[in-house]
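What follows is a short report on a single structure.
The values are calculated or read from the model by the stated rules, or taken from the named source; none is laboratory data. These figures come from a predicted structure and were not determined experimentally. Note that we place each Cβ from the backbone using ideal geometry, even for glycine, and neighbour counts take in every protein chain shown. Heavy atoms of the whole protein, side chains included, go into the accessibility calculation; ligands, DNA and RNA do not. Shrake-Rupley method; radii C 1.70, N 1.55, O 1.52, S 1.80 Å.
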Amino acid sequence: MDTAAALSDFSAAFGAGDVDKIMALMTDDVVFESTGPAPDGVRHEGAAAVRAVWEELFGQTPGARFTEEEAFVADGRGVLRWRFDWTDDDGSPGHVRGVDVLRLRDGKVAEKLSYVKG
C-alpha cells in the first residue's frame, strides 16, 4: 500500500472510531505521543499500549468523532489536520482542532505525534 492510501485509510478508521481498523493500520512497534497533559503529552510505545488509549478514548468519550480537515504525504511522512468533537457530561458539544505528524513504514503508521490548538 502506498503512503497516501495508508494515510487515507488511517484517517477513515479514526473517523469511524474503529479501533480494530486503526490498529490494523499501525505497526506492532508503533509510538504514539498524546496531546496532553501539557506541555509534552504522554508517550505510548507498542501496539498494546496504543490500543488501550484508543479503546479508552472511543469507549469513554460520548460522541467521540474525528473529522479530517487536510492531509498530505511526502517521503514516508504524513501530516493529518483534524477536528475532534465530543459531547460533555451536561450534553453540550465540545471540540478541539489539531494535527498529527506521522511516520509511515510498509503501508502502516509507525509513529503518531499529536498536537492541538490552544
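Where in region 19-110 are there strands (runs of 3 or more DSSP E), lying wholly inside it, with at least 3 residues that are within 27 Å of Asp2 (Cα to Cα) and hydrophobic (A, V, I, L, M, F, W, C)? Give the derivation first.
On the way: elements: 26-33, 43-45, 65-74, 77-87, 93-105.
Filter on region 19-110 gives 26-33, 65-74, 77-87, 93-105.
Just give me the residues in region 71-98 being hydrophobic (A, V, I, L, M, F, W, C) and out of contact with any helix residue (DSSP H, G or I) (no Cβ under 7 Å at 6 or more places or on another chain), in sequence order. Selection gives Phe72, Ala74, Val79, Trp82, Phe84, Trp86, Val96. Taking the conditions (1) of a type in the set (Ser, Thr, Tyr); (2) in a helix (DSSP H, G or I); (3) within 16 Å of Tyr115 (Cα to Cα); (4) open to solvent by 30 Å² or more (accessible area, probe 1.4 Å) in turn, Ser11 satisfies each one other than (4).
The selection criterion, being at pLDDT 95 or above, among the aliphatic types (A, V, I, L, M), surrounded by fewer than 17 Cβ atoms within 10 Å (Cβ to Cβ) and under 11 Å from the mean Cα position of the chain (by Cα), holds for Val53. Could you please let me know if Phe32 is of a type in the set (Phe, Trp, Tyr), surrounded by fewer than 17 Cβ atoms within 10 Å (Cβ to Cβ), touching a strand residue (DSSP E or B) at 6+ places or on another chain (Cβ under 7 Å) and under 18 Å from Leu104 (Cβ atoms)? No: the conditions fail for Phe32.
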